[in-house]
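So the structure is just underneath, and the comments pick up after that.
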Amino acid sequence: MEKENLTTLEIFHNQKDDAFLMKGMKEWNEDANWGRYMVDFSPEDILTDNYSAIGTSALLDAFRTLGLNDYLERIKKLLKEGRHHGIEIYYNRSRNIRVMYCKHMNTLGIQNRSQAIRSGGIRRHELSESEIDVLIDGLNLARAMTYKNAIANLPYGGCKTVVQSDPVNADDLDALGFLGYVLFRLRTFTGPDMGFTVEMADTMREKFSKAITGGSKSPMGPTGGPTAYGEYLAIKEACDFVYSSRDISDKTIAVQGLGEVGYTLAEYLLKDGARLIVTDTDISRVRNLQSKWAADQVQYVAPEGIYAADADIFSPCAIGGVITAEIIGQLKCRIIMGSANNQLKATSKEAEIDLARKLADAGILFVIDWAHNTAGVLAGWAEWIWQEKASFDKIKQKIELVCRDNIRSLLEQAKSTGKTPTELVYENVEEVVYAGLEFGEAAPFGENG
Ligand code: NAD
């Protein structure tokens, strides 16, 4: 984009006829004062007197000339395999900020009569990370968001916004104004995910966009709290299913990551008398928890030691891709249930189902994350819809339905069919997500549509 002097690049994939279309544009001047967004200018203003645009064939030529043909082919393959709609890239050259908006299905959101037709979090990655790895992360997370929204009965498609930039301070109006402007273009509502601080969300919400939820000063507060409540309920249900009791006071639970979700979840579990083995790459989070609870209730293990911890339950609440065929051999637990997105190291549904089967064969109960780490999007949605009137009480029952009752029925149904819960929940949700495509009818709306 830098070589072609582009600010915007869009890659669309039409699944019906497997067609690809690309658009490249120069839409704003490099010296745009993003800190004045929503004061001096709005998303629909003209931001340059030097606009230019190029289409698919010129962009294909550009990719070829730059020796990036294989790179483009790889991206196209990823879009096709994941059944994604495409990627929109917004590039702020002067600050070296790349926003890559990964779009999955829109069937549930396209007619929801809202500015946001998709929902999914926003993650920041370091500039030192490889761009393709960041994109793969975004595409995987976008796919999971389609399913998560469907599970939560929300009328939105799935997406994820991945940002590659240097760390951004909460008072950096230039960077956050740019992100606020882009957010309007994306037609999503979002909330902070890893690498994107709740303080950044606060500034964006105060000055630039009501489409960012889950800041520390937001009406709902950070989404980690509701997500932790949902995970707590799901863990108790899994416990009852495996051990015939929801009482966890005799259980040892290994928690990986004590961030927004993990820390709150740990406190729920500790209050119920569970013993925890915890880890975090940021040791201060561990010390913080240990300072508040009895030493024999919170034991620390180094990050690499968490998989082999002598625990009944393993709760991944940090990075994704932690469960591999090799790790399964190390696990001593009988249940895996935690908030981390994309816990299985896989880039396709088939690979996930395969790993889920391996876990079941090893005697470990596992349910794919998007089926139960759903309360975060419910909290974000509540704030998006009700803004200042949003509250945890308004969604508590919904969280209980999705993360407790529906998880319970899924486990029962899986047992009676001999399928893994992951395979079964994929089948159930795809009936909804792809219904509009396969039958040519409008997609069903959730009760909130
Ligand atoms: P967070 O950034 O607040 O916390 C993550 C924690 O994990 C941090 O304390 C970090 O130091 C630690 N960590 C990072 N790498 C680690 C490693 N290798 N080993 C041990 N600890 C490590 O993020 P969060 O909001 O708590 O989210 C945690 C996970 O849950 C993420 O995968 C996120 O995508 C997912 N999730 C979050 C929500 C939500 O509402 N916040 C909703 C759904 C899913």
In the range 268-285, anything within 13 Å of the ligand (Cβ to nearest atom) and either within 16 Å of SER249 (Cα to Cα) or crowded, with 21+ Cβ neighbours inside 10 Å (or both) is listed as ILE277, VAL278, THR279, ASP280
Qualifying residue in the range 107-114 (condition: open to solvent by 30 Å² or more (accessible area, probe 1.4 Å), among the β-branched types (Val, Ile, Thr) and away from the ligand (no atom under 16 Å from the Cβ)):
yes
Going through the range 2-16 in order, the residues found to be in contact with a strand residue (DSSP E or B) (Cβ under 7 Å, 6 or more places away or on another chain) and in a strand (DSSP E or B) are THR8, LEU9, GLU10, ILE11, PHE12, HIS13
Those strands (runs of 3 or more DSSP E) completely within the range 25-115 that have 1 or more residues that are under 26 Å from THR146 (Cβ atoms) and among the charged types (D, E, K, R) are 86-92, 97-103
Picked from the range 270-328 (must be hydroxyl-bearing (Ser, Thr, Tyr) and touching a helix residue (DSSP H, G or I) at 6+ places or on another chain (Cβ under 8 Å)), the residue nearest to ARG246 (Cα to Cα) is SER315
Note on the range 169-210: residues crowded, with 22+ Cβ neighbours inside 10 Å and not in a helix (DSSP H, G or I) are THR188, PHE189, THR190, GLY191, PRO192, PHE196, PHE208, SER209
All-but-one check, SER249 against (1) within 13 Å of the ligand (Cβ to nearest atom); (2) outside any helix (DSSP H, G or I), failing number (1)
Qualifying residue in the range 214-237 (condition: touching a Phe, Trp or Tyr at 6+ places or on another chain (Cβ under 6 Å), assigned to a strand (DSSP E or B), modelled with pLDDT of 95 or more and not acidic (Asp, Glu)): no
Could you check, for the range 304-324, whether at least one of its residues is surrounded by fewer than 16 Cβ atoms within 10 Å (Cβ to Cβ), near the ligand (Cβ under 10 Å from one of its atoms) and not β-branched (Val, Ile, Thr)? yes
Taking the range 328-346 and the residues there that are within 16 Å of the ligand (Cβ to nearest atom) and either surrounded by fewer than 18 Cβ atoms within 10 Å (Cβ to Cβ) or among the hydroxyl-bearing types (Ser, Thr, Tyr) (or both), the one that is farthest from ALA414 (Cα to Cα) would be GLN330
Over the range 193-214, the set of residues within 14 Å of the ligand (Cβ to nearest atom) and out of contact with any Ser or Thr (no Cβ under 8 Å at 6 or more places or on another chain) is ASP193, MET194, GLY195, PHE196, THR197, MET200
Assess whether THR374 counts as being at pLDDT 95 or above, among the polar types (S, T, N, Q) and closer than 29 Å to SER409 by Cβ.
yes
Query raised in the report: Somewhere in the range 153-168, is a residue crowded, with 24+ Cβ neighbours inside 10 Å, assigned to a helix (DSSP H, G or I) and either under 13 Å from the mean Cα position of the chain (by Cα) or not charged (D, E, K, R) (or both)?
Result: no
message = Among the residues that make up the range 127-147, is at least one of them more than 30 Å from GLN15 (Cα to Cα) and either under 16 Å from the mean Cα position of the chain (by Cα) or surrounded by fewer than 20 Cβ atoms within 10 Å (Cβ to Cβ) (or both)?
response = yes
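The values are calculated or read from the model by the stated rules, or taken from the named source; none is laboratory data. Note that this is a predicted model, so its numbers are computed, not measured. Glycine gets a Cβ as well: all are built from the backbone with ideal geometry, and neighbour counts include every protein chain shown. We work out accessible area using only protein heavy atoms, side chains counted, and drop any ligands, DNA or RNA first. Shrake-Rupley method; radii C 1.70, N 1.55, O 1.52, S 1.80 Å.
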